[in-house]
Amino acid sequence: MLSTGAHPGYTRTNLQTAGASLGRDRPKRSMLNSMNILPSQLPEQGAEPQLYAATAADVAPGSYYGPGGRFGLVGPTAAARITRRALDPAANARLWAESERLTGESLPAHAV
């Protein structure tokens, strides 16, 4: 088993408008998500990096993927820069522990 990460870029879903209010009655609107000034892609394209990270034979432990096109928001899957927040050891330990709890599996952690 290995641990990889991926992001969908700016994909045309309701997550841009619902975001943190997902599941509530009224999503928050902002200037950014109401003007459609950023390049965006269809959900099928947005799913590609996640599918690649989960199934491609050439992925390495700790790798991260996303759109490789304009601004890293759209385009074909490519290796992406891991954000500083994703490299936080405390957050990583919490995520790993929760993953083990939810799956019932205990696996050795892999340092990025």
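The values are calculated or read from the model by the stated rules, or taken from the named source; none is laboratory data. The structure presented is a predicted model; accordingly, all values stated were derived computationally and were not measured. Quick reminder, even Gly has a Cβ in these numbers, built from the backbone with ideal geometry, and neighbours come from all protein chains shown. For accessibility, only protein heavy atoms count, side chains too; no ligands or nucleic acids. Shrake-Rupley method; radii C 1.70, N 1.55, O 1.52, S 1.80 Å.
Okay, here's what the table says:
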read-out	value
Subset of the stretch 64-112 [among the acidic types (Asp, Glu) and either surrounded by 13 or more Cβ atoms within 10 Å (Cβ to Cβ) or under 30 Å from Gln41 (Cβ atoms) (or both)]	Asp88, Glu98, Glu100
Among residues of the stretch 73-102, those that are under 17 Å from Pro61 (Cβ atoms), assigned to a helix (DSSP H, G or I) and not charged (D, E, K, R), counted	8
In the stretch 54-71, the residues that are in contact with a strand residue (DSSP E or B) (Cβ under 6 Å, 6 or more places away or on another chain) and over 11 Å from Pro8 (Cβ atoms)	Tyr64, Gly68
Long-range neighbours under 6 Å by Cβ, at least six apart or interchain, first residue at negative phi within the stretch 63-86, second open to solvent by 40 Å² or more (accessible area, probe 1.4 Å) and of a type in the set (Val, Ile, Thr)	Ser63/Thr4; Tyr64/Ile82
Set Ala60, Ala18: member being of a type outside the set (Ser, Thr, Tyr), open to solvent by less than 40 Å² (accessible area, probe 1.4 Å) and either modelled with pLDDT under 85 or under 28 Å from Pro89 (Cα atoms) (or both)	Ala18
Within the stretch 38-56, considering residues that are of a type in the set (A, V, I, L, M, F, W, C), surrounded by fewer than 16 Cβ atoms within 10 Å (Cβ to Cβ) and touching a residue at least 12 places away in the same chain (Cβ under 8 Å), the one farthest from Ile82 (Cα to Cα)	Leu42
